[in-house]
1. Considering the dipole of the stretch 262-319 built from charges on the beta carbon (Lys and Arg +1, Asp and Glu -1) around the Cα centre, which of Leu313, Trp285, Leu266 is farthest to its positive end?
2. Pull out the extension gain between Ser188 and Asp271, defined as 0.36 nm times the separation in residues minus the alpha carbon to alpha carbon distance; nm, one decimal.
3. Any of Lys123/Lys240; Lys168/Lys293; Lys123/Lys215; Lys168/Lys283; Lys156/Lys240 with alpha carbons more than 31 Å apart? Name them for me.
4. For the stretch 185-250, what is the largest minus smallest coordinate of the Cα atoms on each principal axis, given in angstrom and ordered from greatest to least?
5. For the peptides 111-117, 258-264, what is the packing order when you average, over each peptide's residues, the other Cβ atoms within 10 Å and list the highest mean first?
6. What whole-number volume per residue, in cubic angstrom, does the convex hull of the C-alpha atoms of the stretch 153-208 give?
7. Considering only DSSP states other than H, G, I, E and B, which GluC sites (Glu not before Pro) in the stretch 205-288 qualify as loop sites with at most 11 other Cβ atoms within 10 Å?
8. Write down the Kirkwood hydrodynamic radius of the stretch 66-153, to one decimal in angstroms, obtained as one divided by the mean of 1/r over all alpha carbon pairs.
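Throughout, read-outs are computed from the coordinates displayed, never taken from laboratory work. The structure presented is a predicted model; accordingly, all values stated were derived computationally and were not measured. Glycine also receives a Cβ, built like all others from the backbone with ideal geometry; neighbour counts cover every protein chain displayed.
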Amino acid sequence: TVVLCAGACGLGMLSTMFRPDPTVVQPTVPTDPAQPPIAVNPSIPSRSSAPPGSFANPYNVTHALADLRSGESAGRTSALLFLQDADVDPAQQAAVARALEAQLANPRAHYLAARALGRWGDKDSVDALIRVMETTDSNPLPNAMVRSESRLALGKLGDLRATATVAKCLANGSDVSGARIALEALGSETAPAVVPHLNHPDWSVRLASRQLLQKFGVTGDVLIEQSLRDLSSNELEQRKAAADWFKTVPVNEAYRVRVARALEPLLSEADSITRVAGVEALKIWVTTDNTPKLVEMLKSTDFVVRDGAMTMLLQLNDPASYAGIAGQLESDPGQRHAASHALKK
């Protein structure tokens, strides 16, 4: 009850305080159109005198360019954000591009500047963007992001001078997705820079390279030659990837003997997975030139290699292999059975 009374008293006092004083004449808004308009405070600017960037004079490329050059942080950020989506004005494109390039060295602006150059850059921006991609420092994450945006910008600009640098980024795995997008945008003329990564040890680089080469329509001899080189690579994963690739393509008779010979060393690899890849690929490309190696592999301690060698010798039916197969009749029971079966065939 006390609270309610106090509240009621308070409301009553407020209503008394704000009740219009009947002794004071209240101003009225003139309703007669013939009367002059009410005066306004002259210190408030009219729409016609509104400053740049106000609702009466919208922010535009000219303002953004001035803000980029001003060195003032807030204005520079506003300009960079505006230029991300602003329509390109051909008359001011070169000036904007130069101003954006100047911001690539600014750690507080280089990310947005690189993005904006994808829209506003021109042929003269290519060298500046390439320099960014080749720059490293002790703060890897922001720089990686800037380099990624620079790659995308170069792809949009479509200048083939960027091919080698972008392909290098694909090869070292620093930004596989960004490099793939940029190379795809640059077009099929970048294919020679992608081919060497067909069987790259890193599966993500390998996948991106094969996707690009397929999109560019690269087939045939150039890929076979590259895979032949990769079969003798110092990188185990690259040798295995090359063997796996030969399992997926149709046999080119002009290359059959060379490929079959190049696959032979994989049967003696220390890595069992690579040995299996070699056996499976050789089953597709095998020739009678492989007979001596296959006879030798009948004594392998790896069952998969032994069994694969016997299968291929049976497939070839080369008289030069008969003595070697017969020698397995004195081997363990499994090999004896396989040798007997092969000789009967």
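1. In the stretch 262-319, that residue is Leu313.
2. Here the answer is 26.3 nm.
3. Lys123/Lys240; Lys168/Lys293; Lys168/Lys283; Lys156/Lys240
4. 32, 24, 16
5. Going from most to least packed, we get 111-117, 258-264.
6. In the stretch 153-208, the Cα hull volume divided by residue count equals 63 Å³.
7. Those satisfying the criteria are Glu253.
8. Over the stretch 66-153, the inverse of the mean reciprocal pair distance is 12.8 Å.
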